[in-house]
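The numbers here are math on the coordinates, done by the rules we state, and not lab data. Just so we're clear, the structure is a prediction, and the values are computed from it rather than from any experiment. Note that each Cβ is placed from the backbone with ideal geometry, even for glycine, and that neighbours are counted across all protein chains shown.
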Amino acid sequence: MNAAIIALVVGTVLAVGALAFVLYPLFFDQPVARAAPPRSIESWSDDVAVAALREIEFDRATGKLSDADYAQLKEQYTKQALARMRRAPASGAEDDALEATIRAYRAERPSCDRCGPRPEPDAIFCSNCGLYLPGRCEQCGERVEEAGARFCSACGHRLAA
């Protein structure tokens, strides 16, 4: 009898705990993620012009838009998009900081002559084409271009450990 009462109490405590866990978000405020700051009207209008170009392209392909209307709308939206793209960037300092960040990222990563920067920071061979990434033999300086080469063809030096 004593064991039955203990089991009943433990079961009740577990059930109340599970119920509290499930209902907690309904009764207590959760932290709200901050929304991204609003974009400028100019960048919004760029997006509108490009989106409109995509939309009229789709409408023409599905037969909803005549060729004459398509030509007129395409000319209008293309002028808007190109005018904005040709204007100087609003903040050169932000662009310079972004470019510096990109250069630093690329400097940390090996680069394949054929495929470009590789995502693996410790790669010795290109994961796409198999080219030896440093590109030259460490011992003789000869260019290594054979895909998957493990030894330098000029001096026989082992290229990777």
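Tell me, in nm to one decimal, what length is gained between Leu19 and Ile124 on full extension, where the rule is 0.36 nm per residue of separation less the Cα-Cα distance?
The Leu19-Ile124 span can extend by a further 32.4 nm.
Stick to Cα atoms and the Kirkwood definition of Rh, then tell me Rg/Rh for the stretch 41-87.
A ratio of 1.03.
Within the set of other residues whose C-beta is less than 9 Å from the C-beta of Arg60, count the net charge using Lys and Arg as +1 and Asp and Glu as -1.
For residues surrounding Arg60, the net value is -2.
List every residue whose amide H lies under 5 Å from the amide H of Leu131, counting only residues 5 or more places away in sequence or on a different chain, with H placed 1.01 Å from N in the peptide plane.
The list, which skips near neighbours in sequence, is Cys126, Gly148.
Taking the Cα centre of the stretch 41-87 as origin and charging only Cβ (+1 Lys, Arg; -1 Asp, Glu), how large is the dipole, in debye to the nearest 20?
Once rounded to the nearest 20, the dipole reads 180 debye.
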